[in-house]
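Working notes, structure below.
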Amino acid sequence: MPEARLAELTTLRVGGPAGRLVHATTLAELTDAVAAADAVAEPVLLVAGGSNLLVADEGFAGTVVRVATEGVEVAQEGPEVLVTAQAGVGWDDFVARAVTEGWSGIEALSGIPGAVGATPIQNVGAYGQEVSATVAEVTVWDRRLRGYDASPVMSAPSATGTAGSRRIRTGSWCSP
Ligand SMILES: Cc1cc2nc3c(=O)[nH]c(=O)nc-3n(C[C@H](O)[C@H](O)[C@H](O)COP(=O)(O)OP(=O)(O)OC[C@H]3O[C@@H](n4cnc5c(N)ncnc54)[C@H](O)[C@@H]3O)c2cc1C
């Protein structure tokens, strides 16, 4: 099997070989890959859109997990909409869907490269909007406890009494 090069997974198109590459298309595959590497103390690098990663020519001597989980669920909760998106969903597609559906709060973040799951890591923002204002909950795989933590790690401002306000929930984020 030809060796996988990280240059193929980063938008800068640089980066040497991956020790091992796992393409995770489901939440179970994603967390299983991280847990399996952790169990043998192998270094792990998650790569989603690869737009905020600069990888050396030496590459990464460990397990590289490509976050390619898909799926968006929508739940109407009174005047609010709670949207749950898997980590691998393309961010710009997600913003486009929000605009089409009339979900307010992330429309200014159009055109930012990457995937949904990476946005809470650095609190992606632009033009006065930040995802921390709309993220209600992030599902985290806790690598120390080896289990999911579904508790909110960021609190959106209370939407109570704000007609038409939206909350957005992202899924499957792995703790560093
Ligand atoms: C042209 C350009 C414009 C940009 N404009 C903006 C801007 O306006 N505002 C802004 O805030 N940012 C901006 N960025 C930065 C970039 O878009 C964000 O950092 C984006 O969130 C990266 O997403 P990604 O999926 O490409 O992450 P990657 O590059 O794949 O990963 C980035 C980091 O997050 C980690 N990671 C990714 N997914 C997960 C996960 N599910 N769980 C745990 N860790 C994970 C990776 O291991 C890595 O450390 C811009 C970047 C570019 C290239």
- Query: So which residues in the stretch 111-135 are assigned to a loop (DSSP other than H, G, I, E, B) and either crowded, with 16+ Cβ neighbours inside 10 Å or more than 6 Å from the ligand (Cβ to nearest atom) (or both), if there are any at all?
  - Reply: Gly111, Ile112, Gly114, Asn123, Val124, Tyr127, Gly128, Thr134
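Residues are listed down the side, and each one gets a yes or a no for (1) surrounded by 21 or more Cβ atoms within 10 Å (Cβ to Cβ); (2) hydroxyl-bearing (Ser, Thr, Tyr); (3) under 22 Å from Ala33 (Cβ atoms):
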{"site": "Asn52", "(1), (2), (3)": "no, no, yes"}
{"site": "Asp57", "(1), (2), (3)": "no, no, no"}
{"site": "Val64", "(1), (2), (3)": "yes, no, yes"}
{"site": "Ala68", "(1), (2), (3)": "no, no, yes"}
{"site": "Glu73", "(1), (2), (3)": "no, no, no"}
{"site": "Glu77", "(1), (2), (3)": "no, no, no"}
- Task: With respect to Gln86, determine if the residue is without any contact (Cβ under 8 Å) to a residue 40 or more places away in the chain and either out of contact with any Pro (no Cβ under 7 Å at 6 or more places or on another chain) or aliphatic (A, V, I, L, M) (or both).
- Result: no
- Query: Do you know which residues across the stretch 149-167 are touching a strand residue (DSSP E or B) at 6+ places or on another chain (Cβ under 6 Å), at pLDDT 50 or above and either within 19 Å of Ala48 (Cβ to Cβ) or assigned to a loop (DSSP other than H, G, I, E, B) (or both)?
  - Reply: Ala150, Pro152
- How many of the residues making up the stretch 94-134 are within 19 Å of Leu30 (Cβ to Cβ) and free of Cβ contacts under 8 Å to residues at least 40 places away in the same chain? 1
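Condition check ((1) assigned to a strand (DSSP E or B); (2) more than 20 Å from Glu3 (Cβ to Cβ)) across all residues:
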| residue | (1), (2) |
| --- | --- |
| Leu30 | no, yes |
| Glu58 | no, no |
| Thr63 | yes, no |
| Arg66 | yes, no |
| Gln76 | yes, yes |
| Val81 | yes, yes |
| Ala96 | no, yes |
- Item | Residue, farthest from Gly125 (Cα to Cα), within the stretch 79-104, restricted to residues that are among the small types (Gly, Ala, Ser) and surrounded by fewer than 20 Cβ atoms within 10 Å (Cβ to Cβ) | Gly102
- Message: Given the condition exposed (fewer than 13 other Cβ atoms within 10 Å of the Cβ), of a type in the set (Gly, Ala, Ser) and either more than 15 Å from the ligand (Cβ to nearest atom) or modelled with pLDDT of 95 or more (or both), answer yes or no: does some residue in the stretch 7-28 qualify?
- Response: no
- Task: Write out, first by first residue and then by second, each pair whose Cβ atoms fall under 6 Å of each other, whose residues are 6+ apart or on separate chains, and whose first residue, in the stretch 5-23, is assigned to a loop (DSSP other than H, G, I, E, B) while the second is more than 14 Å from the ligand (Cβ to nearest atom).
- Result: Gly16/Asp57; Gly16/Glu58; Gly16/Gly59
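The values are calculated or read from the model by the stated rules, or taken from the named source; none is laboratory data. Quick caveat, the model's predicted, so the values are computed rather than measured. All Cβ positions, even for glycine, are placed from backbone atoms using ideal geometry, and neighbour counts span all protein chains on display.
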